[in-house]
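None of the figures in this text is laboratory data; all of them are computed from the coordinates on show. All values derive from a computational prediction rather than experimental measurement. Please note: Cβ atoms are built from the backbone with ideal geometry, for glycine as well, and neighbour counts cover all protein chains shown.
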Amino acid sequence: MPPDAFDVPACLDRVRQQDAAAARALVDHFYPLVIKIARSHRPRRMAEEDLAQEIYLKMFTRLQQYHGRDGVPFEHWLSRLAVTTCLDALRAEKRRPEWRWADLGDGERDWLEFFAGETPAPAPSDALGVCEVVEKLLALLSTEDRLVITLLDLEERSVAEISQLTGWGVSLVKIRAFRARRKLRAHALKLQKESKL
Amino acid sequence: MNEFERRWKLGAEAARRDDDDSPGEAPFGFAARVVAHWQTQPGPSLATLWQSLVLRALGAVTLVLLILVTYGTFSSSHDELARPELESAVADSLVLL
């Protein structure tokens, strides 16, 4: 069945009647959406598929709470459910890692020095290094701060969209992003200082 | 935008470029596993149902109490006998009698 022809309301009706085939079709249809969110916001020690499964189980359990007549598309409802499930999983991961300068590879160090620097300098070219260092810096933030920066800066979502996904007000999203970037800078400076010791 | 924010944006852009693998289809058997898991999940336990019932009852009782308190406050303010100056005047006249 082509993706455009997938009839979500009809499928949901069948799932509500415990139709296993419809439930499998629903899982398959929304897999790209769910796995993308799970991949971006999963705790370090949790496999993305396990988190996706948790999201789907929550979706099935709470399906009675979704009413299409409210005008909210199912995709939006599911995205919000996925984000809150990821937030809960991240919160459950109580211990936050503590990175040391010695833990970073050469590419990561170049990027970290670039982030912490003040004098004009070209951005390093190591693409793998930037992914690693961005992930390590984000892991140092609180769950909410990490979420807002990932959604805003890495996924390029709008403030309104983030507000809808998280349930936070627009001003709260902006303030949280501002403070989170300040914390990122502080972490980058702290790590860079270690290199000079 | 300060210098850090500018640099962070450049880094985020580079990280985005490298992380551009769009998710494809669900792995074979994933949907079947999830659905089987869902169907074997026990329904809400009696304790959970009881808990939600008690919470709702508690909410309703609180609401009724609030309404009664509000009603009591407003109705007592119209009760002229409850006004101290009136009560003193009545008491004084009784003493004089």
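Observations on the structure shown:
- Filtered residues of the stretch A:45-57 (kept if surrounded by fewer than 17 Cβ atoms within 10 Å (Cβ to Cβ), more than 9 Å from chain B (Cβ to nearest Cβ) and assigned to a helix (DSSP H, G or I)): A:50
- Within the stretch A:74-97, the residues that satisfy the criterion of being without any contact (Cβ under 8 Å) to a residue 12 or more places away in the chain and in a loop (DSSP other than H, G, I, E, B) are A:94, A:95.
- Residue match in the stretch A:63-72 (condition: among the acidic types (Asp, Glu), in contact with a Leu (Cβ under 9 Å, 6 or more places away or on another chain), more than 14 Å from chain B (Cβ to nearest Cβ) and not in a loop (DSSP other than H, G, I, E, B)): no
- In the stretch A:19-28, of all residues being facing another protein chain (nearest Cβ under 9 Å) and of a type outside the set (Gly, Ala, Ser), the one that is surrounded by the most Cβ atoms within 10 Å (Cβ to Cβ) corresponds to A:26.
- On the stretch given as the stretch A:167-195, residues that are in contact with a Ser or Thr (Cβ under 8 Å, 6 or more places away or on another chain) and among the β-branched types (Val, Ile, Thr) total 2.
- Any hit, the stretch A:7-18, residues being in a helix (DSSP H, G or I), more than 8 Å from chain B (Cβ to nearest Cβ) and surrounded by fewer than 13 Cβ atoms within 10 Å (Cβ to Cβ): yes
- The stretch A:154-178 - residue that is in contact (Cβ under 8 Å) with a residue 24 or more places away in the chain and in a helix (DSSP H, G or I) and, of those, surrounded by the most Cβ atoms within 10 Å (Cβ to Cβ): A:173
- Residue check: residue A:107 meets all listed conditions (1) in a helix (DSSP H, G or I); (2) over 18 Å from residue A:193 (Cα atoms); (3) in contact with an Asp or Glu (Cβ under 6 Å, 6 or more places away or on another chain) but one, namely (2).
- Being without any contact (Cβ under 8 Å) to a residue 40 or more places away in the chain, within 14 Å of another protein chain (Cβ to nearest Cβ), on the phi < 0 side of the Ramachandran plot and touching a helix residue (DSSP H, G or I) at 6+ places or on another chain (Cβ under 8 Å) is true of residue A:132.
- Of the residues screened, residue A:42 is one that is within 25 Å of the chain's Cα centre (by Cα), within 14 Å of another protein chain (Cβ to nearest Cβ) and part of a loop (DSSP other than H, G, I, E, B).
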